[in-house]
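So the structure is just underneath, and the comments pick up after that.
The values are calculated or read from the model by the stated rules, or taken from the named source; none is laboratory data. Values in this document were obtained by computation on a predicted structure and should not be read as measured data. Here the Cβ positions follow ideal geometry from the backbone for every residue, glycine too, while neighbour counts run over all protein chains shown. Calculation scope for accessible area: heavy atoms of the full protein, side chains included, ligands and nucleic acids excluded. Shrake-Rupley method; radii C 1.70, N 1.55, O 1.52, S 1.80 Å.
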Amino acid sequence: MTETRETTAAPALLITAPGVLTHTDDPTPVEKAVVDGIIGDFGPETFLWINFHRPDGGVRVWYGWTAGGTPLGDRIDGLAMAAGFDSADWLHLTNRHLQASRRGRIEIQAHPLHPILADIQADHRAPSKERDRLRRVIVKAAEFTGQVLRPGLPRWLGVGPALLMQGAKK
């Protein structure tokens, strides 16, 4: 007679080495992933100005647009530039519709674009008091840096990628 024994083998132990981690001084991939996540939290046709406050006191700025925001932002910029809107108008209109929030060291400024478009189409400009304040800041900065003042105020900064990214590093 033969004896049968049932044996159970111990489960195989799979040992896998963790992924290889290497140090990098480039925060760009992580910041881009965070920006992509932030963009998903906002409705369509919104321009986002995102500041990453760094431990050394510096700030890295990212721009983002939700669905439909890039063409609308560029359209707004074209209208604003053609109508002679300047930096005082940009500050006034973007602050007028600003939705600000923070996530730790990340400052998020969301600008719904349709209200800005409506203001430009209605020729809504910065009040003279705001224009005067900005001009005083520019004069002080020129004195401090030794730069020569240009007449008027700087141009409209932009809410679309074509104007905002002019002169940016490629």
Report summary line: Full extension between Val148 and Val59 adds, at 0.36 nm per residue less the Cα distance, a length in nm of 29.4 nm
Requested in this report: Please list the non-local residues whose amide H lies under 5 Å from the amide H of Ala126, H modeled 1.01 Å from N, same-chain partners needing a gap of 5 or more.
Outcome: Asp89
Requested in this report: Give me the percent of the accessible area of the range 47-114 that comes from carbon and sulfur atoms, probe 1.4 Å, all protein chains in place.
Outcome: 54
Report summary line: For the range 108-122, Karplus-derived ³J(HN,Hα) couplings (6.51, -1.76, 1.60; θ = phi - 60°; whole Hz; x for glycine and proline) come out as 10, 10, 9, 10, x, 7, 4, x, 5, 4, 4, 5, 5, 5, 8
Report summary line: Relative contact order in percent for the range 87-154 (Cα pairs under 8 Å, 6+ apart) equals 34
Report task. Taking H placed 1.01 Å from N in the peptide plane, check which residues at least 5 places from Trp65 or on another chain put their amide H under 5 Å from its amide H. Result -> Leu48
Report summary line: Quick tally, 1.4 Å probe accessible area for Asp119, Asp41, sorted with the most first, runs Asp41, Asp119
Report task. Could I have the simple spin-label model distance between Met81 and Ala33, label points 7 Å from Cα toward Cβ, reported in nm to one decimal? Result -> 3.6
Query raised in the report: Once both labels are modelled 7 Å past Cα along the beta-carbon direction, what's the Arg155-Arg136 spacing in nm?
Result: 2.9
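Less than 14 Å Cβ to Cβ from Ala83, Lys/Arg counted +1 and Asp/Glu -1: what total charge do the surrounding residues give?
Values: positive: Arg75, Arg125, Arg155; negative: Asp77, Asp86, Asp89, Asp119, Asp123.
Charge balance near Ala83 sits at -2.
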